[in-house]
1. Before we move on, is Gln96 of a type in the set (S, T, N, Q), farther than 30 Å from Ala252 by Cβ and under 17 Å from the mean Cα position of the chain (by Cα)?
2. Residue under question is Tyr48, and the condition is that it be within 24 Å of Lys26 (Cβ to Cβ) and not in a strand (DSSP E or B); does it hold?
3. In region 40-62, is there at least one residue being touching a Gly at 6+ places or on another chain (Cβ under 6 Å) and not assigned by TED's automatic domain parsing to the domain that holds His250?
4. Is it the case, given these coordinates, that Cys160 is more than 18 Å from the chain's Cα centre (by Cα), modelled with pLDDT of 95 or more and open to solvent by less than 70 Å² (accessible area, probe 1.4 Å)?
5. Out of region 18-50, which residues are open to solvent by 60 Å² or more (accessible area, probe 1.4 Å) and under 18 Å from the mean Cα position of the chain (by Cα)?
6. Regarding Asn272, is this residue modelled with pLDDT under 95 and either touching a Cys at 6+ places or on another chain (Cβ under 9 Å) or assigned by TED's automatic domain parsing to the domain that holds Ala44 (or both)?
7. So, in region 42-55, of the ones that are out of contact with any helix residue (DSSP H, G or I) (no Cβ under 7 Å at 6 or more places or on another chain) and not hydroxyl-bearing (Ser, Thr, Tyr), which residue ends up farthest from Pro98 (Cα to Cα)?
8. Look through Ser189, Ser151, Ser166 and report the one residue that is of a type in the set (Ser, Thr, Tyr) and within 23 Å of Lys8 (Cβ to Cβ).
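The values are calculated or read from the model by the stated rules, or taken from the named source; none is laboratory data. Since the structure is predicted, the reported quantities are computational estimates derived from the model, not experimental observations. Quick reminder, even Gly has a Cβ in these numbers, built from the backbone with ideal geometry, and neighbours come from all protein chains shown. Remember, those area values only see protein heavy atoms, side chains included, never the ligands or the DNA or RNA. Shrake-Rupley method; radii C 1.70, N 1.55, O 1.52, S 1.80 Å.
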Amino acid sequence: MTQIIDGKRISLEIKDELKEKVARLKEEGKECCLAVIQVGNDPASSVYVRNKKKACEYIGIRSLSYELPEETTEEELLALIQKLNQDASVHGILVQLPVPKHIVEDHIIKAIDPRKDVDGFHPMNVGALTIGERGFVSCTPAGIIQLLKRSDIDIEGKNCVVIGRSNIVGKPMALLMLRENATVTIAHSRTKNLKELCKTADILIVAIGKPKFITAEYVKEGAVVIDVGIHRNAENKLCGDVDYEDVAPHTAAITPVPGGVGPMTIAMLMHNCVEAMEAVTLS
Ligand code: NAP
């Protein structure tokens, strides 16, 4: 029978563990704080920012909110980041992406102190992941590792195909699976024979950004399928990169959309935030 991997339950489990930890740290007089910066008022970004603040409240993390107007200059944003970098009471800094076009995203990512880079996007943290050192890991791929482990799915020695090579999902995902001793192949838009390649996967992780792209033809019988994609269809219903109805009956385990990978991203952001504080207070 197919195991439906329950991201809602697992993310709540992680948030509850963090809540307990944060309460213990508070008793020692240590308060965790995340600064969230949003430039402009893109509606999707506003929803993400609101959800991040709600998660902070639930866990007991103090959140500082900076809602800056669309016309904020890069210099102004960099100045705010510098101020927060120097503020010892702030443990994590998050700039909601995308930023408006007149601001160079890369400048912003590199300006955040790597010790406060709870999104795990800074080259120092990406480099640390690459060479197997400690550092912050991009939240969505880190969440997928938790989904697999907490669902008792073995990773070691398995053939894993990751479709997608973005800096925030595909590449860190592949590195994390490698760290867990899977045999990893990364596929992308120039990959030849994608179907045949996917059919070799014991674990297929799909981050293409195309609704219902992966059908049963791409999936080996009994594989584990992780769907990172998130889209709204014509009826305003959420769906993933995987055609769930078609694929699920052929899998040993699968993540639904919604309720699979999605809730894990914020849970791992909160995890990174608490880690950022612990790293400071222990050093
Ligand atoms: P992205 O930057 O657009 O990357 C998409 C990747 O898929 C690229 O590497 C691209 O290859 C590859 N690709 C596109 N068409 C393909 C095809 N026909 N065959 C094989 N590979 C193909 O997207 P992303 O930021 O990684 O996000 C992927 C999806 O995950 C999106 O739906 C996004 O909304 C979702 N997402 C969800 C969460 C969450 O919390 N659940 C978080 C982040 C992202 P090339 O490199 O060759 O162009």
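1. Details: of a type in the set (S, T, N, Q): yes; farther than 30 Å from Ala252 by Cβ: yes; under 17 Å from the mean Cα position of the chain (by Cα): yes.
Judged against the criteria, Gln96 is a match.
2. On the way: within 24 Å of Lys26 (Cβ to Cβ): no; not in a strand (DSSP E or B): yes.
Considered against the rule, which asks whether it is within 24 Å of Lys26 (Cβ to Cβ) and not in a strand (DSSP E or B), Tyr48 comes out as no.
3. At the first step, the residues of region 40-62 found to be touching a Gly at 6+ places or on another chain (Cβ under 6 Å) are none.
Within region 40-62, none of the residues are touching a Gly at 6+ places or on another chain (Cβ under 6 Å) and not assigned by TED's automatic domain parsing to the domain that holds His250.
4. On the way: more than 18 Å from the chain's Cα centre (by Cα): yes; modelled with pLDDT of 95 or more: yes; open to solvent by less than 70 Å² (accessible area, probe 1.4 Å): yes.
Yes; evaluated as a whole, the condition is true for this residue.
5. Val47, Tyr48, Arg50
6. no
7. First pass over region 42-55, keeping only residues out of contact with any helix residue (DSSP H, G or I) (no Cβ under 7 Å at 6 or more places or on another chain): 42-50, 53-54.
In the following step, the residues that additionally are not hydroxyl-bearing (Ser, Thr, Tyr) were identified as 42-44, 47, 49-50, 53-54.
On the way: Asp42: 9, Pro43: 12, Ala44: 10, Val47: 13, Val49: 12, Arg50: 16, Lys53: 18, Lys54: 21 Å.
Only one residue tops the list, namely Lys54.
8. On the way: Ser189 fails: within 23 Å of Lys8 (Cβ to Cβ); Ser166 fails: within 23 Å of Lys8 (Cβ to Cβ).
None of the other options fit; the residue is Ser151.
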